[in-house]
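Here the structure comes first, spelled out in structure tokens, and everything after it is commentary.
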Amino acid sequence: MTSLEDRLSALEARTRLLEDQLAIYQLLAAYGPAVDSLSGEAAAALWVEDGTYEAGTYVFEGREALAGLVDIENHRTWVAKGCAHVVGMPLVAIDDDTAIARGYSRVYLHEGDHWRIHRASANRWELRRTPEGWRVTHRVNLLLDGDEAARELLRG
Amino acid sequence: MTSLEDRLSALEARTRLLEDQLAIYQLLAAYGPAVDSLSGEAAAALWVEDGTYEAGTYVFEGREALAGLVDIENHRTWVAKGCAHVVGMPLVAIDDDTAIARGYSRVYLHEGDHWRIHRASANRWELRRTPEGWRVTHRVNLLLDGDEAARELLRG
Amino acid sequence: MTSLEDRLSALEARTRLLEDQLAIYQLLAAYGPAVDSLSGEAAAALWVEDGTYEAGTYVFEGREALAGLVDIENHRTWVAKGCAHVVGMPLVAIDDDTAIARGYSRVYLHEGDHWRIHRASANRWELRRTPEGWRVTHRVNLLLDGDEAARELLRG
């Protein structure tokens with residue numbers, strides 16, 4: 001028969017896994033509100049200090065560069081028009097202190113009396129547990145425009 | 001060394017926080033299906049009795065007014081055409097018996113052979129733990145049309 | 001006073017429910033990446049062996065048929081153009097070893113310099129706990145084009 005102590009230890013491990021999964025959901029849900037409100041520091045804080053973000057030809061390396069993402073001309077133009085960077089519910093695979101999340105993101109851009117989908121992308125987020133919680137080490141974002149590389153990103 | 005009792009108490013608190021977070025996800029995920037199926041009472045039941053919802057110039061105060069949301073002419077027209085009120089995965093900050101959820105919502109409206117994005121909004125949901133579970137006390141929805149107020153809503 | 005054993009048992013049950021809920025979120029989040037990357041086997045594996053999927057006039061019965069979904073001409077054309085099958089955060093009702101998830105899905109299709117919403121649908125997913133984890137037994141997807149049947153699908 002399993003001892004109370006063993007049952008408790010098993011439960012602690014299960015709870016930690018649930019916490020990890022929800023923490024990763026929360027981390028990804030924080031991206032859009034940060035960039036759409038021009039909060040560059042808040043966006044950069046989702047990554048580790050030397051984290052990277054590749055979005056097509058754009059490559060951001062390190063938190064200073066990541067914080068600058070909200071200052072690039074395209075981004076400022078979008079925000080002025082009205083935009084929403086929506087990260088969907090991701091598929092998350094946790095392996096102890098690292099994790100991979102895969103999923104979709106879209107940029108909705110205000111135009112006249114509606115919003116157009118300006119970007120629909122596949123994403124791969126590599127994550128690491130840090131003393132401050134889960135952080136992104138590397139994110140790749142590729143447009144779903146028929147390119148095989150974007151499909152490859154969605155594979156397990 | 002931590003006693004079994006202390007470990008159990010700590011785990012109970014952690015589990016409660018996870019339950020709170022998922023309950024809030026579920027509450028927000030219930031909004032779209034309620035309004036898109038013209039279930040006014042079900043939509044209103046997501047709020048506390050005297051809950052409020054501000055969406056631009058519309059202000060709904062109390063459950064009776066909230067239930068009436070599905071009967072306003074614009075809403076009836078959208079539902080007849082075909083529409084989807086999609087609330088995305090929110091960013092949730094829980095403080096004991098209250099919580100704030102921030103995130104995006106969109107209204108997709110059927111038009112010819114496709115759906116147009118009729119609204120893309122920033123949302124702030126204020127929530128309270130009640131004997132019946134988490135309920136919305138106040139929701140603000142602002143179009144992401146370049147207005148600074150919508151960006152402010154997305155900030156922490 | 002509640003014994004440690006009773007508290008532990010209660011907590012185990014609560015943890016199982018949280019695991020179930022997140023497992024169902026993950027199952028649904030796996031659908032889009034599977035079909036958009038032409039991984040027919042991975043898509044089919046989300047269903048039980050004799051699972052079914054009704055999407056309008058299309059009906060897929062059993063895993064072999066489900067795996068073939070990615071090979072139908074329409075789907076191949078969409079993938080070649082660039083598409084995203086996005087399943088939103090669902091509303092999940094778990095009843096021991098079965099569950100119902102309701103929510104939205106959309107197909108974004110690349111066209112010129114933007115993506116158009118080619119489908120916006122209501123979904124009802126019937127699920128069952130199996131020795132391999134939660135699996136879909138039956139999914140119904142109906143376009144939100146004004147049809148009452150789609151609205152009915154969203155009701156509780």
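Quick note: the coordinates plus some simple rules give every number you see, no bench work behind them. The shown structure was predicted, so the numbers you read here are calculated from the model rather than taken from an experiment. Here the Cβ is made from the backbone with ideal geometry for all residues, glycine too, and neighbour counts use every protein chain on show.
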Along the stretch A:74-82, what does the Karplus equation 6.51 cos²θ - 1.76 cosθ + 1.60 (θ = phi - 60°) give for ³J(HN,Hα), rounded to whole Hz, x for Gly and Pro? 4, 5, 4, 5, 4, 5, 5, 6, x
Kindly list the residues of the stretch A:110-143 that lie in the label zone of A:Val59, defined by a backbone N under 16 Å from the point 7 Å along the Cα-to-C-beta vector. A:138-142
Cα gyration tensor shape for the stretch C:26-83, rounded if a/c is under 1.5, else prolate or oblate: oblate
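In terms of the Cα gyration tensor, with a ≥ b ≥ c the square roots of its eigenvalues, is the stretch B:62-111 rounded because a/c is under 1.5, prolate because a/b exceeds b/c, or oblate?
Working: a/c = 5.44, a/b = 1.64, b/c = 3.32.
Oblate, because a/c is 1.5 or more while a/b does not exceed b/c.
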Backbone HN-Hα couplings from phi across the stretch B:93-98 [Karplus 6.51/-1.76/1.60, Hz, Gly and Pro as x]: 10, 9, 10, 6, 9, 10
When Lys and Arg each count +1 and Asp and Glu each count -1, what net charge do the other residues less than 10 Å away from A:Ala99, Cβ to Cβ, add up to? -3
Size of charge dipole - the protein assembly as shown - debye, nearest 20, with Cβ of Lys, Arg +1 and Asp, Glu -1, no other charges: 620
Under the rule of at least 5 residues apart or a separate chain, name every residue whose amide H is placed under 5 Å from the amide H of C:Met89. A:Met89, B:Met89
Paramagnetic reach from C:Glu132 (point 7 Å along Cα→Cβ, amide N under 12 Å) across the stretch C:37-58: C:41-51
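So if the hydrodynamic radius of the stretch C:1-141 is defined as the Kirkwood radius over C-alpha pairs, what does Stokes-Einstein give as its diffusion coefficient at 37 °C and 0.692 mPa s, in µm² per second? Before the final figure, lay out each step's value.
Details: Rh = 16.3 Å.
In µm²/s, the coefficient is 202.
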From other protein chains only, count the Cβ atoms within 10 Å of every residue's Cβ in A:88-101, then give the mean. 3
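Shielding by partners for C:13-23, please: the mean number of other protein chain Cβ atoms within 10 Å of each residue's Cβ.
Values: counts 0, 8, 12, 1, 3, 11, 6, 0, 7, 9, 1.
Across the residues of C:13-23, the mean count of other-chain Cβ atoms within 10 Å is 5.
Taking every residue in A:120-127, how many Cβ atoms of other protein chains lie within 10 Å of its Cβ, on average?
Values: counts 12, 3, 6, 0, 0, 0, 0, 0.
Per residue, the average neighbour count from other chains is 3.
Per DSSP helix of 4 or more residues, -39500 (n - 2.57); summed, then divided by the residues of chain A. What does that give at 222 nm, rounded to the nearest 500?
Values: 6 runs with 58 residues, N = 156.
The helix-only estimate for chain A comes to -11000 deg cm²/dmol at 222 nm.
Quote the relative contact order of chain B in percent (integer), defining contacts as alpha-carbon pairs under 8 Å separated by 6+ residues.
Taking the mean separation of contacting Cα pairs over the length of chain B, I get 20 percent.
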Report, in whole Å, the centroid distance computed from the Cα atoms of the stretch A:70-94 and the stretch C:1-59. 28
Only four residue types carry charge here, +1 at the Cβ of Lys and Arg and -1 at the Cβ of Asp and Glu. Report the dipole size of the stretch A:1-124 about the Cα centre in Debye, rounded to the nearest 20. 620
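Counting Lys and Arg as +1 and Asp and Glu as -1, what is the net charge of the other residues whose Cβ lies under 12 Å from the Cβ of A:Thr15?
Values: positive: A:Arg14, A:Arg16, B:Arg7, B:Arg14, B:Arg16, C:Arg14, C:Arg16; negative: A:Glu12, A:Glu19, A:Asp20, B:Glu12, B:Glu19, C:Glu12, C:Glu19.
So the environment of A:Thr15 carries a net charge of 0.
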Only sites in a loop by DSSP and with at most 13 other Cβ atoms within 10 Å count here; which GluC sites (Glu not before Pro) in the stretch B:96-156 make the cut? B:Glu132
Given that compact globular proteins tend to follow 2.2 N^0.38 Å, what is the ratio of the alpha-carbon Rg of the protein assembly as shown to that value? 0.95
Prolate/oblate/rounded call for the stretch C:79-156, Cα gyration tensor, a/c under 1.5 rounded: oblate
Karplus 3J(HN,Hα) series, Hz, for the stretch C:147-152 with 6.51 cos²θ - 1.76 cosθ + 1.60 (x for Gly, Pro): 5, 4, 4, 5, 5, 4
